[in-house]
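Only one structure is covered here, and it is reproduced in the block below.
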Amino acid sequence: MKFSSGAKFAALSFLCVMALALSMGFALSWLLTHAVAEWEWENTAAVARREVELTGVDALFSAPPSAAPGQRARGEFSKLLAGFPEVVRVKVWDRDATVLWSDEPRLIGQRFADNDELKEALAGEVSVEIKTLSRREHAYERGQFTTLAEVYVPIFSKTTRRVVGVVEVYKSPVRLFATIQRARIVIWTISFAGALILYLLLLPLVRQVYGRQVREEALQAHTAELEAQVTQRTLELETQREALFQAEKVAAMGQLLAGVSHELNNPLSTIVGYTQLLLMRVGVGPMAEQLDKIAKSAERCTRIVTNFLALARQYPPERQLVLMNQLVDDAVELLAYPLRIDDVDVIRRFAPDLPQLWADPHQIQQVIVNLLTNAHQAMRGVPTARRLILTTRHDPVTDRIVLEVADSGPGVSPDVRTRIFDPFFTTKAPGQGTGLGLSLCRGIVEGHDGSLRLETTPGGGATLVVELPAGAPLLASEAHHPGETLEAASGKTILVVDDEPDVAELLADALALDGHQVETANSGAAALDRLLDRAFDLVFSDMKMPGMSGAELYGEVAQRRPGLERRIVFVTGDLLNPTTRQFLDRTGAKSVGKPFDVDEIRRLVPVYTATPSEGVADAAVGAAGRPEAAVRAGARPGAGTAAYEASKTEIAPPVEARPRTEVALRS
């Protein structure tokens with residue numbers, strides 16, 4: 001059962017007042033009892049001395065000890081009994097503790113030397129004792145009384161002021177006890193009544209004071225709680241503001257990179273495309289090796305921009321089956337020189353039979369290189385042995401491939417651990433780090449449905465753990481059907497629409513390799529005029545163009561030449577633009593990203609113009625309509641599979657020959 005604070009306070013106050021009343025009652029009762037008893041005994045002693053003086057028996061105490069008291073003396077002593085009020089018995093003692101006279105004749109002449117109260121009286125002090133009648137000298141009183149008050153009154157000589165005898169007065173204490181009892185009742189009544197009145201008078205005042213204090217304490221507690229909430233919400237707002245600021249910076253970076261990417265993709269497409277055309281013409285030799293280096297460098301630039309865009313836009317990466325151990329070895333080989341210069345001992349602890357990963361090899365390698373670089377930089381200030389331990393294993397419970405990158409550096413402080421993956425957060429000196437490395441790595445890993453976390457290395461250092469799901473089967477629309485082939489179409493009429501003349505010419509040259517008739521248009525309006533003027537088997541169009549855009553061209557064609565819009569393939573570097581993505585998802589139009597592979601462009605012609613096997617063509621069309629599908633996967637040098645390399649070699653004759661070629665379709 002719970003009580004309110006007011007009820008508790010009232011009960012506590014009542015108990016305190018009652019305790020005060022009890023204390024006062026006991027104290028006053030004791031003081032009154034002591035005072036009344038003292039007054040009673042002093043009054044009895046005074047009366048006894050007065051009676052002794054009035055009756056003249058004080059001279060009898062001065063008689064010689066050998067002279068026994070005569071009949072006259074006994075008569076004088078007997079007068080004492082008549083003069084004492086409430087006295088039931090009187091004894092007269094000499095200095096030798098012998099009874100000179102008593103109203104009980106049998107006691108006269110007896111000596112009681114062991115009477116302590118008598119000794120005190122003979123010493124000059126009034127001695128009083130209230131006792132039950134149980135001792136030998138009380139044998140004659142026990143028959144009439146149960147309790148008596150014995151008052152021993154010393155009698156002093158008038159001349160010498162010495163004690164000459166003692167008068168023992170036996171009084172009944174009934175009246176005294178009754179008086180004391182009545183006084184105690186009055187005292188206790190006054191105490192409790194006063195306490196109750198005091199409680200009733202003080203309770204409102206104390207309650208008001210206490211209530212004010214309680215209200216002040218409650219107000220202070222509420223104020224403290226509000227301050228704590230304000231502080232917490234302020235911290236939350238600061239955190240949200242910081243997160244919003246970081247998100248805005250990432251978004252701004254994404255917009256900037258999107259613009260840069262769109263501007264770079266056109267020249268990169270030209271570089272990559274013409275490099276491939278030159279490789280077809282040269283074949284093998286020193287010139288082919290140099291052209292291959294150019295192609296790989298252009299591909300590296302393309303991958304860097306694409307990776308940044310994929311993170312900023314959360315765009316799904318292009319995946320294929322890869323081996324984690326091989327990716328780690330390639331990353332270590334890439335950083336072998338700086339690691340060797342700084343005496344970093346790289347220890348590989350690879351599991352021999354790891355399942356394959358379904359991942360983008362370039363992005364995962366970028367993550368590994370970044371983690372190795374961070375570990376390398378952390379160990380530069382360590383004077384002891386520098387060790388970099390790389391461990392790979394397969395967790396059968398979660399079916400994940402685990403990579404651990406452990407260094408022997410100084411480790412990560414607790415305050416940094418919570419922010420180490422935040423964008424733009426860095427512990428490096430200004431100008432030496434952007435704070436994007438681990439943030440980009442986490443974004444890439446999470447884009448692969450994996451996780452990246454920081455762990456503490458026993459004995460010092462830090463361990464970064466990457467977990468990625470093991471290889472998954474290809475989707476049906478992306479699966480390779482080795483028995484399904486189509487003849488490479490030739491002599492098709494194709495329109496290429498692009499506001500960049502170099503890109504348009506590159507597409508025309510690549511398509512002309514298979515004997516197609518190719519026309520170019522530098523704007524959407526010019527392309528629409530040609531499409532309305534004559535028939536084309538296939539249209540390759542850019543998306544963003546001055547005047548009429550690719551999306552507007554698609555809409556006009558759908559209205560004026562229904563059915564032809566399904567043979568439009570968009571070749572654009574703006575696939576990550578939300579507007580572009582929404583258009584492609586809404587219409588189901590096919591798209592190819594820039595920079596593109598010329599062989600991939602050539603393979604698309606029989607896919608979108610073929611009629612013998614609609615099922616295969618539809619599957620390929622569905623794959624080509626997604627930027628993450630096989631139309632883009634492996635479309636760049638070095639990113640394809642062995643099957644792709646074989647098919648690329650198969651359809652790459654010299655430019656002058658331009659024969660009919662059978663093309664193995666990959667969806």
Handout entry: For E168, residues with placed amide H under 5 Å, excluding near neighbours
Key = K91, V92, W93, V153
Handout entry: Added length on full extension, which subtracts the Cα-Cα distance from 0.36 nm per residue, I341 to A27
Key = 103.4 nm
Problem - Whole-Hz couplings from phi, Karplus 6.51/-1.76/1.60, listed for the range 177-185; x for Gly and Pro - result: 5, 5, 4, 4, 5, 5, 5, 5, 4
Practice task
Go through 511-519, 376-384 and give me the packing order, highest mean Cβ count within 10 Å leading.
Solution key: 511-519, 376-384
Practice task
Sort the following peptides by mean Cβ neighbour count (other Cβ atoms within 10 Å, averaged over residues), highest first: 340-347, 595-602.
Solution key: 595-602, 340-347
Practice task
Counting other Cβ atoms within 10 Å, keep those with at most 10, restrict to DSSP loop, and tell me which GluC sites (Glu not before Pro) in the range 164-231 are left.
Solution key: none
Handout entry: Added length on full extension, which subtracts the Cα-Cα distance from 0.36 nm per residue, A218 to A97
Key = 35.8 nm
Exercise for the section: Using Cα centres only, tell me the gap between the range 358-402 and the range 524-577 in whole Å. Expected result: 46
Exercise for the section: Along Cα→Cβ, 7 Å out, is where each label goes; now give me the distance between the ones at E225 and L201 in nm to one decimal. Expected result: 3.9
Exercise for the section: Take the cross-link list K492/K590; K249/K296; K119/K171; K544/K590 and give me the ones stretching past 22 Å between alpha-carbons. Expected result: K249/K296
Exercise for the section: With a Förster radius of 45 Å, plug the Cβ-Cβ distance of S13 and R380 into 1/(1 + (r/R0)^6) and report the FRET value to the nearest 0.05. Expected result: 0.05
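Coordinate-derived values only; no laboratory data. If you're wondering where the values come from, they're calculated on a predicted model, not measured in any experiment. Quick reminder, even Gly has a Cβ in these numbers, built from the backbone with ideal geometry, and neighbours come from all protein chains shown.
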